[in-house]
Amino acid sequence: MTTSLPQRQVIAASWQRARDCGLAPDARPDPVLADISSSDPLLDAARPILARAAEQLHGTPAALLLVDHRSRMVARVSADASLERTLADAGAVTGATFTEAAMGTTALGTVAEVRGEVVINAEDHYLEQFRFLSCFGQPIIHPTTRRVAGILCMTQAAPRLNPLSVPLVRGVVEDIADRLLSRASSDHRRVIAAYEKAAERRDTAVAALGDDLQLSNSLAAQLLAPGDFGTLRLLVEQNDVPPTITLLSGVTVAVQAVRVPSVRHAAVFRLRPQLSDLSPASSPSRSTAAGAPTVAICGEPGTGRTARAFTVADREAAVVIDVPAALIDDAPIDLAAALRLARSRGHGVVIDGADLLDERSLALLQSAVSARSGAEPPIVVVTGPPDALGPGAAALVARCRHRTTLPPLRQRSTELAALAQEFLRADSLELGADAADALASQDWPGNFPELAMVLEQAAAVARARGSRTLDVHDLPHDYRGSARVSRLLGLEHAERLAIVDALDAAGGNKSHAAKTLGISRTTLYARIRALDIGH
């Protein structure tokens, strides 16, 4: 087994990334297959070009491999039957993921990382199973969006690449890009026509989105900040537009979205501000909770559940029992004394982390909650998510007159840009569209504290370079990668969320999560990798 790093810097860096992903050189990973229906525009543009290129390959032990912007294989062309079988056995099949994490150093995954041409000779491959092949890969840059639309690789059964392969690949890539441009121009015309028809009414805020195209009338321009377009684009790509969204300004708008026929990920939006706007941290339940004698506020740590508790009970006057702090300090928790003190003063009670109480304390608290009358100040219990509570804590929550469950940050993607902008307002910074897109694609296991930490670091970087706009490059490196998750199709996004929730409920135990989801562990592992789930 080869253990030392190769001499070329681009190859050495790729090997290190593969090692960091836990991939061993002698591994023979099974291909991670994914749905490639979203790659139809690329394949449609490439198909006639690849057909012509196949004629040029006749009689040579070479093949052309095409992957999409997410490194999923969409086409393989060769006139050599033996090489075809060998490539298929090595995992080069339709739908297979060729990222460096999945297949190590190749002229597909490594090109995706460096966003430029790369030659991979036989000994440069990280996985030993590919070390009889030499390859040249080049990204296909979409002429209008300037994003990577796909990657084309020529691979040969030889110890070193034939240099004559390079101009052939470059020519094929150029022809595919030309066809993408022609199709994009047609798509743009369709989006513009749909927008103009919707914008005929001057009393409605109208915006339209397509690839590298965004349009808005004057009313929409007054409502939408650059980061809001990132949120709208995310919703279109997920095919999941809710009836309302919260903009960066904090204004809540009703949304109607109409897809543009025959144009992928394009839509026209009609936006109508709500008369009574809610801030991102607000909820319609606040007013109803304020008058209830007993209130349960549930959610993951960091979802704002403690702050919500103090909108029900006066922070200055309430008797507060901080259960986690008491447990950490090994301090006694005298629940009965706290309830007596609150009653004598006529003040409310907040029990933060009530689900961490012992069974005796939970039973006592259940009795106090059951006996609370509407004339008395409220008892507010703060707990974890309802589906994660033990029997005693679940019974306590069930006895509260009013119950609110705060969603984790990962389930609030339509509000995330507005929440981030509210945080940045103190620094007089604007959230850029690319940064909003990247933030909305993260899982945020630490919820609001994690978001605040990331934005503090990013704001410092933006201020240091003298910018008033926070863009994606200001974010910490681990929070910049939006392409993978934010561009999942609606079905994939729902699947990803279901897996994340099952893993959370199972405490990270994949066997238990697979059983809950009704799938095998093998399938779960494959979907975790395909959907880029960090567990």
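The values are calculated or read from the model by the stated rules, or taken from the named source; none is laboratory data. Predicted model only: the values in this text are computed from it and were never measured. Note: ideal-geometry Cβ built from the backbone for every residue, glycine included; neighbour counts use all protein chains shown. For the accessible areas, the whole protein counts, side chains as well, though only heavy atoms, and no ligand, DNA or RNA atoms are used. Shrake-Rupley method; radii C 1.70, N 1.55, O 1.52, S 1.80 Å.
Name, by its number, the condition in (1) closer than 22 Å to Ala388 by Cβ; (2) touching a residue at least 40 places away in the same chain (Cβ under 8 Å); (3) buried (at least 19 other Cβ atoms within 10 Å of the Cβ) that does not hold for Pro301.
(3)
Has region 173-182 got any residue that is in contact (Cβ under 8 Å) with a residue 12 or more places away in the chain and more than 30 Å from Arg52 (Cβ to Cβ)?
Within region 173-182 (the criterion being in contact (Cβ under 8 Å) with a residue 12 or more places away in the chain and more than 30 Å from Arg52 (Cβ to Cβ)), the answer is no, since none of the residues qualifies.
Any idea how many residues of region 352-378 are within 37 Å of the chain's Cα centre (by Cα) and either closer than 17 Å to Ala292 by Cα or in a loop (DSSP other than H, G, I, E, B) (or both)?
Total meeting the criteria: 2.
Assess whether Thr244 counts as being hydroxyl-bearing (Ser, Thr, Tyr) and surrounded by fewer than 20 Cβ atoms within 10 Å (Cβ to Cβ).
When the stated conditions are applied, Thr244 passes them.
Give the residues of region 199-228 that are part of a helix (DSSP H, G or I) and modelled with pLDDT under 85, sorted by residue number.
Listed by number, the residues that qualify are Ser218, Leu219, Ala221, Gln222, Leu223, Pro226, Gly227, Asp228.
So in region 403-432, with the set limited to residues that are small (Gly, Ala, Ser) and open to solvent by less than 40 Å² (accessible area, probe 1.4 Å), which one is farthest from Arg308 (Cα to Cα)? It would help to see each step written out before you state the result.
Taking region 403-432 and keeping what is small (Gly, Ala, Ser), we get 413, 417-418, 420, 426, 428, 432.
Checking which are open to solvent by less than 40 Å² (accessible area, probe 1.4 Å) leaves us with 413, 417-418, 420, 432.
On the way: Ser413: 20, Ala417: 20, Ala418: 18, Ala420: 19, Gly432: 29 Å.
So, considering only residues that are small (Gly, Ala, Ser) and open to solvent by less than 40 Å² (accessible area, probe 1.4 Å), the one farthest from Arg308 (Cα to Cα) is Gly432.
Give all pairs with beta carbons closer than 9 Å in which a residue from region 59-74 that is at positive phi meets a residue that is open to solvent by 20 Å² or more (accessible area, probe 1.4 Å) and not aromatic (Phe, Trp, Tyr); count only pairs at least 6 apart in sequence or on separate chains.
Gly59/Ala79; Gly59/Asp80; Ser71/Thr99; Ser71/Ala112
Can you tell me which condition Arg76 does not meet? The list is (1) open to solvent by 40 Å² or more (accessible area, probe 1.4 Å); (2) in contact with a Lys or Arg (Cβ under 9 Å, 6 or more places away or on another chain); (3) at pLDDT 90 or above, and all the others hold.
Result: Arg76 fails condition (2) only.
Which residues, counting only those in region 24-48, are within 30 Å of Leu181 (Cβ to Cβ), outside any helix (DSSP H, G or I) and either touching a Lys or Arg at 6+ places or on another chain (Cβ under 6 Å) or not acidic (Asp, Glu) (or both)? Steps first, answer last, please.
Step one: filter region 24-48 for residues within 30 Å of Leu181 (Cβ to Cβ), giving 34-48.
Cutting the leftovers down to outside any helix (DSSP H, G or I) gives us 34-36.
Residues satisfying the conditions are Ala34, Ile36.
How about region 69-80: which of its residues are within 22 Å of Arg28 (Cα to Cα) and of a type in the set (A, V, I, L, M, F, W, C)? Break it down stepwise before answering.
Our first condition is that a residue be within 22 Å of Arg28 (Cα to Cα); within region 69-80, this holds for 70-76.
Hits for region 69-80 are Met73, Val74, Ala75.
Can you report the number of residues in region 49-71 which are under 15 Å from Arg179 (Cβ atoms) and small (Gly, Ala, Ser)?
Adding up the residues that qualify gives 2.
If the Cβ limit is 9 Å and pairs must be 6+ apart or interchain, which residue in region 83-95 that is open to solvent by 40 Å² or more (accessible area, probe 1.4 Å) pairs with which residue that is at pLDDT 90 or above and of a type in the set (Val, Ile, Thr)?
So the pair list comes out as Thr94/Val74.
This table checks each residue for (1) surrounded by fewer than 19 Cβ atoms within 10 Å (Cβ to Cβ); (2) modelled with pLDDT of 90 or more.
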residue	(1), (2)
Ala12	yes, yes
Asp35	yes, no
Pro41	no, no
Asp44	yes, no
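Just checking: which of the helices (runs of 4 or more DSSP H) contained wholly in region 286-348 hold 2 or more residues that are under 32 Å from the mean Cα position of the chain (by Cα) and hydrophobic (A, V, I, L, M, F, W, C)?
Result: 305-312.
Answer yes if at least one residue in region 428-440 is charged (D, E, K, R) and closer than 16 Å to Cys298 by Cβ, and no otherwise.
No, region 428-440 contains no residue that is charged (D, E, K, R) and closer than 16 Å to Cys298 by Cβ.
Matching residues to (1) among the hydroxyl-bearing types (Ser, Thr, Tyr); (2) assigned to a loop (DSSP other than H, G, I, E, B):
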position	(1), (2)
Leu87	no, no
Ala92	no, yes
Tyr126	yes, yes
Gly137	no, no
Arg146	no, yes
Ala149	no, no
Leu152	no, no
Arg160	no, yes
Pro163	no, yes
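Output the residue which, of all residues in region 353-402 that are among the charged types (D, E, K, R) and within 26 Å of Asn447 (Cβ to Cβ), is least open to solvent (accessible area, probe 1.4 Å).
Asp355
Out of Pro449, Pro445, which single residue is surrounded by fewer than 18 Cβ atoms within 10 Å (Cβ to Cβ), part of a loop (DSSP other than H, G, I, E, B) and not hydrophobic (A, V, I, L, M, F, W, C)?
Details: Pro449 fails: part of a loop (DSSP other than H, G, I, E, B).
Exactly one residue qualifies, and that residue is Pro445.
Since Arg189 meets every condition but one in (1) without any contact (Cβ under 8 Å) to a residue 12 or more places away in the chain; (2) of a type in the set (Lys, Arg); (3) touching a helix residue (DSSP H, G or I) at 6+ places or on another chain (Cβ under 6 Å), which condition does it not meet?
With (1) without any contact (Cβ under 8 Å) to a residue 12 or more places away in the chain; (2) of a type in the set (Lys, Arg); (3) touching a helix residue (DSSP H, G or I) at 6+ places or on another chain (Cβ under 6 Å) applied to Arg189, the lone miss is (3).
Among the residues of region 99-124, how many are assigned to a strand (DSSP E or B), within 11 Å of Ser14 (Cβ to Cβ) and open to solvent by 10 Å² or more (accessible area, probe 1.4 Å)? Lay out the reasoning, then the answer.
Of the residues in region 99-124, the ones assigned to a strand (DSSP E or B) are 118-120.
Retained after the next criterion (residues that are within 11 Å of Ser14 (Cβ to Cβ)): 118, 120.
Adding the requirement that they be open to solvent by 10 Å² or more (accessible area, probe 1.4 Å) leaves none.
Qualifying residue count, region 99-124: 0.
Quick one: Gln214 ticks every box in (1) under 23 Å from Arg115 (Cβ atoms); (2) open to solvent by 40 Å² or more (accessible area, probe 1.4 Å); (3) of a type in the set (S, T, N, Q) bar one, so which box is it?
Here Gln214 meets the rest and fails (1).
Could you identify the single residue in Ile321, Ile333 that is surrounded by fewer than 19 Cβ atoms within 10 Å (Cβ to Cβ) and modelled with pLDDT of 90 or more?
Result of the check over Ile321, Ile333: Ile333.
Scan region 14-23 residue by residue and report those that are part of a loop (DSSP other than H, G, I, E, B), open to solvent by 40 Å² or more (accessible area, probe 1.4 Å) and out of contact with any helix residue (DSSP H, G or I) (no Cβ under 6 Å at 6 or more places or on another chain).
Gly22, the sole residue that qualifies.
Mind counting the residues in region 205-246 that are under 20 Å from His188 (Cβ atoms) and without any contact (Cβ under 8 Å) to a residue 12 or more places away in the chain?
Of the residues in region 205-246, 2 are under 20 Å from His188 (Cβ atoms) and without any contact (Cβ under 8 Å) to a residue 12 or more places away in the chain.
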